[in-house]
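Participant: Structure provided below as structure tokens; questions to follow.
The values are calculated or read from the model by the stated rules, or taken from the named source; none is laboratory data. What you see is a predicted model, and the numbers here were worked out from it, not measured in a lab. We place every Cβ from the backbone using ideal geometry, glycine too, and count neighbours over all the protein chains shown.
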Ligand code: SAH
């Protein structure tokens, strides 16, 4: 398998069948060699820098009903909350003092967050922190809404496509949600000038390696600046409660493959990876990842924003949490950057 990895390293691509072989190869050798090559590429472009993003979970209200998600509208046990403008600004203030230079506002699709309300917060953040990047992850909105938020000063937008297979997409989403609309939103975001993040879950029920090849092909077409992938983790009060969670090892292989195919992409070692396996996020860094997103939401919000069970809550808003995270990152041979950490390519 080392020849295939070398081919991927040198040419940046493989045939569908070759990709499938790599995806399905569970040997330690493959994992180690992929990590080594992926780390080489990330160091070539980003050195040993790791960028931290302060994640602010602004709302657990959601109008959508994605079957895998713990804050889906029909999840009765989900405790609903939303942060107001002042609470969000307070989070950013704490994050800034901790050295964070990107703030990510993420939430369910909550009608309370109108364009006007969100844009007011964005402009205030833009004014207070001219040296910071503002990232949004607020789901599917109109092209007009994306334009307004960009004009107000937002820089980046995360919207995972979840799966690029039409068939699988419709099995894990309610009828009113379509892959076509998700993809349309992603292209709108790119056209609006956002640094755009797409991505998918690993190990969702029924997912095959052919589906994953489709995800990779879609990413090659879209050419996003950020790619977020993480294992699916079941939530006890969703229809997928009895399903098996996605494999952290498969997720790591995919992160390595993605680094080799997208040398300059911003690639987070996600919280879900850290939840699925102890030290998962550090293993992610060693397999090509260059971003970690510590949670800086208020404690109460963090407890209620449960997309899946047993969410990792370390690396939190406290100075202590951040210095522990920094120490871990440095012990792994990387340094925490104090820059905004923009993508090196358009
Ligand atoms: N409403 C926003 C934010 C969604 S939450 C949006 O639609 O983009 C962010 C990501 O969490 C989702 O895109 C999804 O990929 C992931 N997620 C949701 N439920 C999950 C679960 N049970 N296991 C793992 N990841 C999950």
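Participant: So, in region 166-178, how many residues would count as being more than 13 Å from the ligand (Cβ to nearest atom) and under 19 Å from the mean Cα position of the chain (by Cα)?
Facilitator: 0
Participant: Quick one: residue 327 ticks every box in (1) more than 16 Å from the ligand (Cβ to nearest atom); (2) not in a helix (DSSP H, G or I) bar one, so which box is it?
Facilitator: Result: residue 327 fails condition (2) only.
Participant: A follow-up question, please. When only residues in region 68-105 that are within 15 Å of the ligand (Cβ to nearest atom) and free of Cβ contacts under 8 Å to residues at least 12 places away in the same chain count, which is surrounded by the fewest Cβ atoms within 10 Å (Cβ to Cβ)?
Facilitator: This residue is 74.
Participant: Among the strands (runs of 3 or more DSSP E) contained in region 155-264, which hold 3 or more residues that are touching a helix residue (DSSP H, G or I) at 6+ places or on another chain (Cβ under 7 Å) and within 23 Å of residue 309 (Cβ to Cβ)?
Facilitator: Passing ranges, in order: 226-231.
Participant: Checking residue 335 against (1) under 17 Å from the mean Cα position of the chain (by Cα); (2) surrounded by fewer than 20 Cβ atoms within 10 Å (Cβ to Cβ); (3) at pLDDT 90 or above, which single condition isn't satisfied?
Facilitator: Only one criterion in (1) under 17 Å from the mean Cα position of the chain (by Cα); (2) surrounded by fewer than 20 Cβ atoms within 10 Å (Cβ to Cβ); (3) at pLDDT 90 or above is unmet by residue 335, namely (1).
Participant: So the check is Cβ under 6 Å with 6+ separation or different chains; which pairs have a first residue in region 303-328 that's within 18 Å of residue 292 (Cα to Cα) and a second one that's at pLDDT below 85?
Facilitator: If the second residue must be at pLDDT below 85, the pairs left are 321/315; 325/315.
Participant: Could I ask something else about it? Considering only region 246-300, how many residues are crowded, with 21+ Cβ neighbours inside 10 Å, farther than 19 Å from residue 52 by Cβ and in contact with a strand residue (DSSP E or B) (Cβ under 8 Å, 6 or more places away or on another chain)?
Facilitator: 7
Participant: Name the residues in region 180-192 that are surrounded by 19 or more Cβ atoms within 10 Å (Cβ to Cβ) and within 13 Å of the ligand (Cβ to nearest atom), would you?
Facilitator: 182, 185, 186, 189
Participant: Could you count how many residues in region 120-142 are surrounded by 14 or more Cβ atoms within 10 Å (Cβ to Cβ) and not in a loop (DSSP other than H, G, I, E, B)?
Facilitator: 11
Participant: How many of the residues making up region 210-232 are within 14 Å of the ligand (Cβ to nearest atom) and farther than 20 Å from residue 24 by Cα?
Facilitator: 4
Participant: If I filter region 34-44 for residues that are surrounded by 23 or more Cβ atoms within 10 Å (Cβ to Cβ), over 21 Å from residue 289 (Cα atoms) and away from the ligand (no atom under 16 Å from the Cβ), do I get at least one hit?
Facilitator: No, every residue in region 34-44 fails to be surrounded by 23 or more Cβ atoms within 10 Å (Cβ to Cβ), over 21 Å from residue 289 (Cα atoms) and away from the ligand (no atom under 16 Å from the Cβ).
Participant: Any residue at all in region 195-205 that's touching a residue at least 60 places away in the same chain (Cβ under 8 Å) and away from the ligand (no atom under 12 Å from the Cβ)?
Facilitator: yes
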